[in-house]
Every structure is written in C-alpha cells, then in structure tokens.
Amino acid sequence: MVTRSPVIVALDVPNAAEAVALAESVAPYVGAFKVGLRLLHGPGPGVIAAVVGVGKPVFADAKLHDIPTQVGAAAEALGRYGARWITAHASGGAAMLEAATEGLAKGAGGAAAGVLGVTVLTSLDDNMLRSMGLDRSAGQLVSSLARVADRAGCEGVVCSPKELQVVADVAPRLQRVTPGIRPTAGEDDQARTATPEEALERGADWIVVGRPITAAADPAAAAAALAELIAGREGPT
C-alpha cells in the first residue's frame, strides 16, 4: 500500500452506487478519484459528495466551457459538493478561467479547491487538429493554453504525457495532471498516451487511470499492482 499515490482513478461507471463501491475497493492504493461527464450528467453532481465520503480528494471533470458568468456559477455549485478540483477548457480564455477559479473558491467555502485548465484532449493528434482547421501542433497549442491557465490563476492543467515538459517549460508553477495512461500500447480512443512510468518520469504530478483499473476483472488487485509498480520507482521531485 502506498500513502502518497499520484494515481487518480476515473470512476467511469453508470451510477453512484457503483462509483462508491469501486472507490471503496481501490481506495487503499490510490490518491484521488475522478468523477466525469457520465456521472455528472447521469445521476448528477451529488455523486461528488458521495465519493468524497470515501475519504479521498475528488476531481470533478466537468470540462466547463461557456461565458464567464455561467462557468463561474457552475464552478461554485461543484465546489459546494466538495470537489477538490474541477476542469474548465483553457480555450475558453483567461476571463472564463478566472470566473471558474472565483466561483469554485466561493462554493468550497474555504476548503482547498483549484481549477485545472484542459489543454488539448488526449483523443486528438496533430492530423486531427489540422482537419479541424488548426495549423499548430498539439505541443504548440498546449504551450499557449498553459500560459493562459497560469495567468488566470488555475492550480494546474490537464495535458497528455507527450506535453508534460512543454508545460514545465512555460508554466512550472502549474500542477500537471495527465490522462491517457496505459500499461502497454493498445488500440482505443486515446491518441497521445504513455505508461505510468513514462508519465511520472516526464514530470506528471497526477496520472489519471481509468480502464486499466476499472475494466479489470479485479479492480482492487489492478490498483494494488499499479501502486506496487509506482512504489518501486523514484517519484518526481
């Protein structure tokens, strides 16, 4: 068992009861939990409070993106449910991210809480970005968006493992939260991925792990194996 795990488990399950049961089963081996869109738009944001009751920080992956007043109000509501972090798309601009930060702080009522700016989704690669009319690489976009998140007072950013050094170079203050973690190379809907060891070596502060744990025959055993793997390496400073 590790005591300071960098692993955030993505609770991508259909309902609150399954989310809480899964969280309880893997809690001894991980550092936090992610509640994503499936739960937030299914059973609703009350799931955040239910998972907070397990005793680990909760990352509400709401991916807010709207005008600043709407985002600020939504962030405040999520903060009232006990979210330790919420996400907002950095492409929404500094004013929107500032509103998210202010709203979350108000909703959290003095508890630790911070906004993570989403940079470029890990499902996108450079070819996909070009097909969308964007003439910059994922790394270039992440660099620009990390600067926006830094100026707006975000606590961190969400970026793929491939851009961890980019963020460290342009905004070293920011926490780096990394999805797209896979034990081995595989085919799924993630384009820019890495193994847990690679992501941590590159400087991830947190790694978000979903299917390698949640789709395992024994999620607790999978989480324990990952904890043992991480404990066997020297973490980032």
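Projecting the Cα atoms of SER144, LEU78, GLY107 onto the charge dipole of region 7-231 (Cβ charges, centred on the Cα centre) puts GLY107 farthest toward the positive pole. The HN-Hα couplings worked out from phi for region 124-129 by the Karplus form 6.51 cos²θ - 1.76 cosθ + 1.60 (θ = phi - 60°) are 9, 10, 4, 5, 5, 4 Hz, whole numbers, x standing for Gly and Pro. Couplings 3J(HN,Hα) for region 164-179, derived from phi with the Karplus relation 6.51 cos²θ - 1.76 cosθ + 1.60 (θ = phi - 60°), are 4, 5, 4, 5, 4, 6, 9, 8, x, 5, 6, 5, 10, 10, 10, x Hz, where x marks Gly and Pro. For a modelled paramagnetic label at ASP66, 7 Å from Cα along Cα-to-Cβ, no residue of region 141-176 is in reach, as no backbone nitrogen comes under 13 Å.
Using 0.36 nm per residue, how much length does the chain from LEU229 to ALA215 gain when fully extended, once their Cα-Cα distance is taken away? Let's see the in-between values first.
On the way: separation 14, 0.36 × 14 = 5.04 nm, distance 1.86 nm.
Result for the pair: 3.2 nm of gain on full extension.
Projected label points at ALA21 and GLN165, each 7 Å from Cα along the beta carbon direction, are separated by 4.5 nanometres.
Calculated mean residue ellipticity, 222 nm, the chain: -12000 deg cm²/dmol, from DSSP H runs (n ≥ 4) at -39500 (n - 2.57) each, averaged per residue and rounded to 500. Exposure proxy for HIS41, HIS65, HIS89: other Cβ atoms within 10 Å of each Cβ, ordered fewest to most, give HIS41, HIS65, HIS89.
Taken along its three principal axes, the alpha carbon spread of the chain comes to 42, 37, 34 Å, from the longest extent down to the shortest. In plain terms, the residue of SER5, SER144, SER131 with the fewest other Cβ atoms within 10 Å comes first and the most crowded comes last, giving SER131, SER144, SER5.
Projecting the Cα atoms of ALA23, ALA90, LEU124 onto the dipole axis of region 7-231, where Lys and Arg carry +1 and Asp and Glu carry -1 at the beta carbon, places ALA90 farthest toward the positive end. Each residue of region 77-92 was assigned a 3J(HN,Hα) from its phi angle through the Karplus curve 6.51 cos²θ - 1.76 cosθ + 1.60 (θ = phi - 60°); the sequence is 4, 5, x, 5, 7, x, 4, 7, 9, 10, 10, 9, 5, 4, 5, x Hz, with glycine and proline shown as x. Evaluated with a Cβ-only charge set (Lys, Arg +1; Asp, Glu -1), region 36-186 carries a dipole of roughly 320 debye about its Cα centre, given to the nearest 20.
Rule-based calculations on the coordinates, nothing more; no lab input. The model shown is predicted, which means the values in this text are computed figures rather than measured ones. Quick reminder, even Gly has a Cβ in these numbers, built from the backbone with ideal geometry, and neighbours come from all protein chains shown.
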